[in-house]
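Here's the structure we're looking at; comments come further down.
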Amino acid sequence: MLFVEDTIRALFRKYETSAKSVIRRNIQIVHNSNQINPSIQEHFKRKYELIIARIEDNQRFLNWLLSEPGSDVVEKHNVDSHNSTPALSSTTTTTSMLETELTQDEEEMFPSEFDDVLMKENNTSSDSSNDESYQSGSSYHDGSSFSYQSSTSSSSPSPKKSKSSSKRGVRWGPNTIIDKVLNLFLLVVRDWSSEGLDERVQSYNPFYASLERYYPSVEQRRDIKVICPGAGMGRLPYDISMLGFHTTLNENSLFLIVALKRIFSGGVNDLNSQTLYPFIHQTKNITDEHTQTRRILIPDIAIGRKDEPGANMSFAYGDFFDIYSPQVSPALTSLSTTTITSNNTNINANINANPNTSNKFDCICSSFFIDTVENIFTLIERFHLILNVGGLWMNNGPLHYHHDALTSFHLNSTELLDIVRSYNFEILEYKLIDCQYTKNKDSLFQAIFNCVWFIARKIK
Ligand SMILES: C[S@@+](CC[C@H](N)C(=O)[O-])C[C@H]1O[C@@H](n2cnc3c(N)ncnc32)[C@H](O)[C@@H]1O
């Protein structure tokens, strides 16, 4: 039986080991330089010890996020504890720690049935643009720096091809997985911390304001079905459900699904009770230590208020195109062919057990989603299919297409609206809105997307 959570934890531990080896190498370099005075050497040693401690704290956060609600989170550190950072004199850097090869254990954690899902996951959220600033796997943010790939180290051997790496190659190396874990942290911050409030105001408030305007009767909202495809860590559908709408959260990233299950299974009620250091891996565009080591607390609100009136949510975990396929109604099949198991609960069983999932909606709210799919025409067609006549599609997000122009059609915003109209929608509103996405507010690198906001109504 394969446990997704164990795989993610094991790979994060490997990242932790890798990062520590980089840090020890840096301490050694500083220590060996006669030019650098002892007080600065001492500064680096102290700073790097702090970073190591924070990475270990992130491991604890990850363990919590992947644990069953109510269960004791078992610490699984098999690497140095906080206090055992080696003294400068004993620091060793072994290039083998930086190799990309999977260990025997990891090989066993990746039986062949995992391949399909990993491939799918990688295809869905990969960012194949050549824009260096955004080459961080599944998202729009600045990438991690403590990576496995030791391309900067001329002394490191080229990665050996293990059975699995030759099969998966660069498409699905541990590095990609680590980026996904770090991306998961940033999405948790975006959706469930006070730090993310600015971003949520920019990205999500237009949805809330428009929903309240188009559906003013609170009593009638429970009969209005809203779907948020590609919902990330789920704050948008959650808040919409709190406005009284019947809301469906759709998401297909396995990494996010296991975390979503934790967030929404009840019991995350204690405000600011969990600590994470999401920027600790960012070593570029930093002004000072604080920028990198800043602590974030979650949640900013009590989640899991299942008993509250209005909290009316359904979960459609899996590929949007598979679930809302024209052939099967509803087709909840995307994960069903695998034996991937999450904490003894088959993810697919969870989906099918959800009685509220059906394939027709009154409103679609897509945030930072439409540019992540490969075929935007199919997406528009599918949105048209699942909307009732008169239903609304609200969109906010960039056109920072994640898939290469060779495999995907990159519409500009004018073309996008024309195509939407040609699928029997009328455009009720259109404007551009400045939004940021998983930012570190203290970083020297800041990206602002001029996001395409529109509301379209299905006319027939
Ligand atoms: C850029 S993120 C945006 C997340 C969230 N909507 C937000 O605004 O923060 C895009 C999300 O869409 C998900 N996604 C991409 N393709 C998908 C598909 N075919 N079905 C379901 N989810 C998908 C990704 O896993 C990712 O979480």
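The values are calculated or read from the model by the stated rules, or taken from the named source; none is laboratory data. These numbers come from a predicted model, not from an experiment. When we count neighbours, we look across all protein chains shown, and the Cβ atoms used for this are built from the backbone with ideal geometry, even at glycine.
Residues that are at pLDDT 90 or above and surrounded by fewer than 20 Cβ atoms within 10 Å (Cβ to Cβ) within the stretch 290-312 comprise H290, T291, T293, R294, R295, L297, D300, I301, listed in sequence order.
Residues checked against (1) of a type in the set (S, T, N, Q); (2) within 16 Å of the ligand (Cβ to nearest atom); (3) part of a loop (DSSP other than H, G, I, E, B):
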site	(1), (2), (3)
P216	no, no, yes
Q220	yes, no, no
I227	no, yes, no
G232	no, yes, yes
Y238	no, yes, no
S241	yes, yes, no
G244	no, no, yes
L249	no, yes, no
F255	no, yes, no
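All conditions but one from (1) more than 16 Å from the ligand (Cβ to nearest atom); (2) out of contact with any strand residue (DSSP E or B) (no Cβ under 7 Å at 6 or more places or on another chain); (3) within 18 Å of A456 (Cβ to Cβ) apply to R382; the one that does not is (1). Scanning the stretch 385-438 for residues that are among the polar types (S, T, N, Q), surrounded by 14 or more Cβ atoms within 10 Å (Cβ to Cβ) and within 16 Å of the ligand (Cβ to nearest atom) yields a total of 5. Pairs meeting the criteria (first residue in the stretch 28-53 and within 17 Å of R295 (Cβ to Cβ), second residue part of a helix (DSSP H, G or I) and among the acidic types (D, E), beta carbons under 8 Å, at least 6 apart or on different chains) are K47/E289; L50/E289. The set of residues from the stretch 406-443 being hydroxyl-bearing (S, T, Y) and part of a helix (DSSP H, G or I) comprises S413, T414, S422. Of all residues in the stretch 439-449, those that are exposed (fewer than 13 other Cβ atoms within 10 Å of the Cβ) and not aliphatic (A, V, I, L, M) total 2. Could you grab me the full set of residues in the stretch 274-295 that are within 22 Å of D191 (Cβ to Cβ) and out of contact with any helix residue (DSSP H, G or I) (no Cβ under 9 Å at 6 or more places or on another chain)? Hit for the stretch 274-295 is T291, nothing else.
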